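Asks: My questions all concern the structure below.
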Amino acid sequence: MQRTTLYGPFSELLPMHNLAMHGPLSDEDLLIIRDGGIVVEGERVLETGEYSELAKKYESAVQVFNTEENMVAVPSFIDCHTHICWAGSRANDYALRVAGKSYLEIAASGGGIMDTVRATREASEDELVNAILVHVNELLKQGIGIVEVKSGYGLNKDAELKMLRAIKSANQQTPVDLIPTFLGAHIKPKDFEGSNSEYLDMLFEEVIPVIQKEELCTRADIFVEEGAFGLDEAASYSKKLMSLGFDMTMHADQFHTGGAKLANELGCVSADHLEFSDDETVEKFRDSSTVAVALPGASLGLGMQYTPCRKLLDQNACVAIATDWNPGSAPMGDLLTQASLLGASEKLSISETLAGITFRAARALRIDAGKIEKGTTARFSVFKTSDYRNIFYYQGRLRPTHTILRNECIQH
Ligand code: NIG
Ligand code: FE
């Protein structure tokens with residue numbers, strides 16, 4: 001017999017199951033269940049509804065919480081773009097940047113990503129596993145239950161594989177689901193003797209077969225930017241990987257336009273960053289299956305403009321929001337604070353922001369999650385408050401007290 005558990009009562013329960021995948025959302029669209037409860041059987045949601053009704057129907061269920069305190073339950077959050085597998089520190093880069101040097105200037109002089117590559121190559125696989133788990137625990141405290149994790153600080157065969165193996169092994173040691181992405185195409189490392197295309201060929205011929213053999217991941221990413229990879233290089237690399245069945249995503253339009261248009265043309269699952277996307281690019285996202293992922297942590301870390309989320313939503317795009325947590329451009333790693341600040345600047349409704357870190361973020365990862373719905377894996381977070389809007393109104397200061405992942409209730 002599978003264990004049946006009744007969680008609640010929640011002053012407000014937000015199942016988020018009825019909301020559109022694309023375009024603007026208004027808070028009136030949220031079908032809030034007042035005094036709600038969630039029944040979980042085994043690892044899955046069996047039913048949501050009014051707590052008192054559920055308590056009668058599932059008399060023998062284990063009751064969790066059962067208090068008169070105000071609580072709000074929302075789907076646990078999804079961070080669909082991170083680089084949390086790294087060693088070393090880039091405090092020096094940060095100091096240079098705030099004193100006026102640009103991200104691209106620091107990278108061109110041998111700092112930036114290459115600095116983290118040096119430290120990550122020196123770290124053992126176990127050290128990387130520990131680093132990932134430290135970061136994942138920080139994200140879990142924010143109510144995040146699914147985290148995408150990129151490689152991309154190894155930039156040679158052995159070190160890229162070491163990163164992906166570390167992500168796989170960390171995934172087995174946390175209740176949070178980690179979704180790996182191969183970012184060997186972050187930049188061509190300084191010690192690779194050959195052109196960008198030769199580097200991408202090496203990844204394709206030497207690293208991808210091992211990734212497939214060891215089933216390390218089914219997603220890949222490429223940084224399309226001056227000083228990283230050009231449009232033609234990205235197009236041919238992406239097409240080759242897509243023909244093998246990889247989901248492709250791109251770091252696009254972070255400093256210059258071009259990448260995001262290409263991502264839409266190729267049918268990438270997402271195009272991430274988009275701080276420099278112009279109106280013509282924004283139009284490409286109209287009804288597009290390519291999710292537009294905003295990374296406010298990178299805007300804040302670099303002191304740059306935000307992704308034009310309002311315009312993207314008004315073009316009926318699917319907009320997700322992620323931390324981009326990494327030691328360089330986005331050192332904060334705080335999704336609730338970042339989503340709140342982005343929402344305040346970009347004029348996003350609370351439900352648009354919430355959708356961006358739940359079911360719309362799930363779409364960027366091509367998974368069915370981010371809702372509290374019958375049959376879905378139980379993943380939800382509980383906040384001690386009477387009003388769901390406080391999650392963003394407090395701009396990151398309100399943290400969940402519990403996150404339920406499958407059949408585990410984690411107290412923060
Ligand atoms: O998403 N822009 C490229 N990659 C990362 C930053 C990586 C780094 O600076 O270490 C990003 O911003
Ligand atoms: Fe990134």
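Asks: Name the residue from Ser288, Val319, Tyr306 whose Cα lies farthest towards the positive end of the charge dipole of region 273-337, charges +1 on Cβ of Lys and Arg and -1 on Cβ of Asp and Glu.
Replies: Val319
Asks: Using a 10 Å Cβ count of at most 14 others and DSSP loop calls, identify the longest part of the chain lacking such GluC sites (Glu not before Pro).
Replies: In short, 227-412.
Asks: So, in nm, how far is label Glu125 from label Asn92 when the simple model puts each one 7 Å beyond its Cα toward the Cβ?
Replies: Result for the modelled spin labels: 3.0 nm.
Asks: Which of the listed residues, Gly49, Met21, Gln254, is farthest toward the dipole's positive end in the chain, when Lys, Arg count +1 and Asp, Glu count -1 at the beta-carbon?
Replies: The residue sitting most towards the positive pole is Gly49.
Asks: Provide Asp93, Asp35 ordered by accessible surface of protein heavy atoms (probe 1.4 Å), highest first.
Replies: Asp35, Asp93
Asks: Quick check for me: using +1 on Lys/Arg Cβ and -1 on Asp/Glu Cβ, what's the dipole size of the chain about its Cα centre, in debye to the nearest 20?
Replies: Dipole about the Cα centre, nearest 20: 600 debye.
Asks: Would you compute, from DSSP H runs of 4+ residues alone, the mean residue ellipticity of the chain at 222 nm, taking -39500 (n - 2.57) per run and dividing by the full residue count, rounded to the nearest 500?
Replies: -9500 deg cm²/dmol
Asks: While we're here: Can you tell me the accessible area per residue over region 353-393, all protein chains present, probe 1.4 angstrom, in square angstrom?
Replies: On a per-residue basis, 32 Å².
Asks: Quick check: pseudo-label points 7 Å beyond the Cα along Cα→Cβ at His256 and Lys101, how many nm apart are they?
Replies: Result for the modelled spin labels: 2.1 nm.
Asks: By how many nm would the segment from Glu43 to Lys213 lengthen if fully extended, with 0.36 nm per residue of separation less the alpha-carbon distance?
Replies: 58.2 nm
Asks: Taking all protein chains together and a probe of 1.4 Å, list Lys240, Lys150, Lys347, Lys141 from the most accessible to the least accessible.
Replies: Largest accessible area first, the residues go Lys347, Lys141, Lys240, Lys150.
Asks: Past 32 Å, Cα to Cα: identify those pairs from Lys168/Lys188; Lys240/Lys347; Lys150/Lys371, in the order given.
Replies: Lys240/Lys347
Asks: At 1.4 Å probe size, with the rest of the protein present, what percent of the exposed accessible area of the chain is carbon and sulfur atoms?
Replies: Exposed carbon and sulfur together represent 46 percent of the surface.
Asks: In nm, give the distance between the simple-model label positions of Met21 and Gln411, each being 7 Å from the Cα along the Cα-to-Cβ direction.
Replies: With each label point 7 Å from Cα toward Cβ, the separation is 4.0 nm.
The values are calculated or read from the model by the stated rules, or taken from the named source; none is laboratory data. The structure presented is a predicted model; accordingly, all values stated were derived computationally and were not measured. Cβ atoms come from the backbone with ideal geometry, glycine included; neighbour counts cover every protein chain shown. Only protein heavy atoms, including side chains, enter the accessible area calculation; ligands, DNA and RNA are left aside. Shrake-Rupley method; radii C 1.70, N 1.55, O 1.52, S 1.80 Å.
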